[in-house]
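The values are calculated or read from the model by the stated rules, or taken from the named source; none is laboratory data. This is a predicted model, so every value here is computed, not measured. Virtual Cβ from ideal backbone geometry, glycine too; neighbours counted across all protein chains shown.
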Amino acid sequence: MQSKMESRYIRGVGMTKFGVEDRSTMSFSQEAISKALADADMKVGELDAVVVSTVDSKMNDERQRHYAAMVASIIKRKIPIIRIEAVCGGGGAAFWGACRMKFNNMLVLGVDKVAGAPTPIVTQEIMHAGDNFWEQEEGLIFPAINALVAQKYFSQYGATHADLELISFKNHANGAKNPNAYFYKKPVTLEKIRESQMIATPFNLFDCSISVNGAAAAIISHDKADIKVKASALHTDCLAPFERDSLTEWSATKYAAKEAFKQAALTPKDIHVAEVHDAFTIVELLAYEDLGFAKKGEGAKLIREGIVNLDGKLPINPSGGLKARGHPISPTGVAQLVELADQLRGRCGERQVRRANVGLAHNIGGAGGTVTVHILEKR
C-alpha cells in the first residue's frame, strides 16, 4: 500500500536547455529555480522546503556531497532542504517525496552535469546505477543489458529493429521542435538512423540516449492552481534484470502505473499525452505495454500505426524524450513534468498536443530498478 498523498498542485515549472554547455551545477540550478519561480509568480521567500536530486560522481569536477546546502546558498533561505537520489529516476523520486511532505510550497529540483567527462568514466559511473559486481564484470554495461532485452523481446513477440527506428525517428522529430532539447532544430532522417554505427546488437547509435548537462525545477503547493497532481506512485524492483521473472516486462513500471491509475481514478485510455523514459528505444516500447497503453506483445502497433506520434491518438514524448531532449540523469524526471505542465497549459508551440488535459510521466532509475509514475490534470 502506497502512502497517501494530500492534494497537490503545480504552480510553476522551469528548466535550462539540455546540452553540453560547460558551467557549474549551481549556475544550472539557479536558472531553473528562477524560471520556476517566475512561472509561479512567486518570490523565493514563499518557499517552505526544497527536495533536490543530483548524483555524486566523477563525471564532473565538483564532487559535491552536500548539495542541499549548496541549494541553500542559491536561494539564501534557512528552510528544510533534503536530497533524494535514485540515479536516472532521481527527479521523479524527488517529486514523489515532495508530494508526501506537509509543507505548503515546495521546490523540486533535479540537476546534474554529465557531458564532457570521458566515455569510460561516464560508463563506469552510470553502471553504479546497476549491478556493477556481476553484470559490469561480464561487460554488461547499460547498452548491452538493454540490447539483450531487445533481443529477447524480438524473439518472443516478433517486433524488429525497424520498430525501434520509428521510435527514434518520432522522438527526434519532436525534439527538433523543442528549444530546450539538445537536438533542437537538428532533425534526423530515418535513413541516418538505420545506417548509424552498431553499439550492441541489435542497437545502433540512435537507439541510445545522449548524456547532457542541465537542471529542471517544479514548484508544488497545497494552494489550488491550474495543474493538479492527480497521482504520484513509486515502486522498486531488484537491481539486476537477471534477478527478475521476465526480461520483457518491468514490474516496477506495472505496479507504479497500477497504483497511479488507482489514485487518479483513471485508466490508460484517459491519458492524452505522456512522457516516458526512453533511455533506450526498447525501454519506450516496453513502457507502452507496462503502462497499459497496449497489450503484452502488441506495443509495436502503437508506433507502426502512428498512434504515439505527435498527431496521433496518444502522443508520447512530445519533448523528444531522453533520446532527443537529452538525458542529464537526475533532471530527467522533473523535465518530464515541465513538459507535461507546458502541454496542459497549451504553450508548446509547434509540438503542442491537441486537447491535452491529462498527462502521464514515467521515470526510471537503472534498468527498471526504481520507477515513478505521475499523472497531472488541467483544472
Among the acidic types (Asp, Glu) and either buried (at least 24 other Cβ atoms within 10 Å of the Cβ) or touching a Leu at 6+ places or on another chain (Cβ under 6 Å) (or both) - does that describe any residue in the stretch 323-340?
-> yes
Within the stretch 213-240, the count of residues that are out of contact with any Phe, Trp or Tyr (no Cβ under 8 Å at 6 or more places or on another chain), more than 19 Å from residue 329 (Cβ to Cβ) and not in a loop (DSSP other than H, G, I, E, B) comes to 2
Would you check which residues across the stretch 355-369 are modelled with pLDDT under 95 and either in contact with an Asp or Glu (Cβ under 8 Å, 6 or more places away or on another chain) or under 15 Å from residue 263 (Cβ atoms) (or both) and list them?
-> 368, 369
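The rows are residues; the columns are (1) at pLDDT below 95; (2) more than 27 Å from residue 309 (Cβ to Cβ); (3) not acidic (Asp, Glu).
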{"position": "249", "(1), (2), (3)": "yes, no, no"}
{"position": "258", "(1), (2), (3)": "no, no, yes"}
{"position": "270", "(1), (2), (3)": "no, no, no"}
{"position": "273", "(1), (2), (3)": "no, no, yes"}
Look through 318, 331 and report the one residue that is touching a strand residue (DSSP E or B) at 6+ places or on another chain (Cβ under 8 Å), closer than 23 Å to residue 86 by Cα and touching a residue at least 60 places away in the same chain (Cβ under 8 Å).
-> 331
Matching residues, the stretch 341-362, being crowded, with 24+ Cβ neighbours inside 10 Å, among the hydrophobic types (A, V, I, L, M, F, W, C) and not in a helix (DSSP H, G or I) | 360, 361
Residue hits (the stretch 226-252; in contact with a Cys (Cβ under 7 Å, 6 or more places away or on another chain) and of a type in the set (S, T, N, Q)) are 232
Picking from 231, 240, 265, the residue that is of a type in the set (Gly, Ala, Ser) and either under 15 Å from the mean Cα position of the chain (by Cα) or at positive phi (or both) would be 265
Residues of the stretch 241-253 classified as closer than 23 Å to residue 91 by Cβ and buried (at least 19 other Cβ atoms within 10 Å of the Cβ), total | 4
Give the residue that is surrounded by the most Cβ atoms within 10 Å (Cβ to Cβ), with candidates limited to residues of the stretch 1-51 that are outside any strand (DSSP E or B) and hydroxyl-bearing (Ser, Thr, Tyr).
-> 29
